[in-house]
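*Asks:* Pasting a structure below so you can have a look.
No lab work stands behind these numbers, since they all come straight from the coordinates. Quick caveat: nothing in here was measured; it's all calculated off a predicted structure. As a convention, Cβ positions derive from the backbone with ideal geometry for all residues, glycine included, and neighbour counts pool all protein chains shown.
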Amino acid sequence: MMTQMQNVIIPQVDSKTIGKVEEKANTPKSVSVEKFSLFSLADVTKTILHHAFWLAEQKQQLSIKQYKKLLIDQGWMGEEKRYLKMATVFRQFSPQDLAQLEPWTVYQLANNNQKYQSVIDALLDLSAITQEAVRSLVKEKRTPRQQKPEKPSIWRRTKNGSRYCQIPAIHEEDEHTGVTLQKMMDSEGLSAQQIVSEAIILRQAYKEGRLVVDESEFSGEQK
């Protein structure tokens, strides 16, 4: 289906030419339909691709010094990389093959070729490459992101940026934790925060082997 690249005549275009066609693609909607049509978009896309292929060819044929001078003369020093990448990504196509695509779509596929490689490969099997066809392929090839389970966090932020910990609500049928905590607060005159802090210190000591606990009694209290 694809046109043989050897038969494509690539015209020389400079920064002014590309600038004009890109400006044409970005023309406000207030411009009359007669001056701005789908055909003008095709011209923009083809001109951009012609330039990309021509630039890649010049880089192969010219010496480093000559190529650098060409970029300076054309006003493309520092801007050439994206066009060279475009020429590489679409090397199996001709400008005419992709003429029905919006310029932005061509840039998007080329600049994110790893992400859209399956889409680009699928274009080779199409009898006609249209904007709608590419849009459908992108939607079809898009792999849904697997949402990572949120890691539980007790940290919260205040308005001034400092953080504090907030223990989530504790739901128990026998309300053992809440009842016990309230009794400690009432009898000892301590805040819930103080008691929880002491409990965490004791548990850490137990886990590190610095505290011996009768596990049978502890298990019995939890029943």
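*Asks:* What does the net charge come to around Gln182 if you take all other residues with beta carbon closer than 15 Å to its beta carbon, with K and R at +1 and D and E at -1?
*Replies:* -4
*Asks:* List the GluC sites (Glu not before Pro) within the stretch 119-205 that DSSP assigns to loop and that have no more than 15 neighbouring Cβ atoms inside 10 Å.
*Replies:* Within the stretch 119-205, the qualifying GluC sites (Glu not before Pro) (loop, at most 15 other Cβ atoms within 10 Å) are Glu150, Glu172, Glu173, Glu175.
*Asks:* Label Ala169 and Tyr67 with points 7 Å out from Cα along Cα→Cβ: what is the distance between them in nm?
*Replies:* 6.7
*Asks:* Run the numbers for Glu150 and Thr177: contour at 0.36 nm per residue of separation, minus the present Cα-Cα distance, in nm.
*Replies:* So the chain would gain 7.1 nm between Glu150 and Thr177.
*Asks:* For the stretch 38-107, what percent of Cα pairs sit more than 17 Å apart?
*Replies:* Pairs farther apart than 17 Å: 41 percent.
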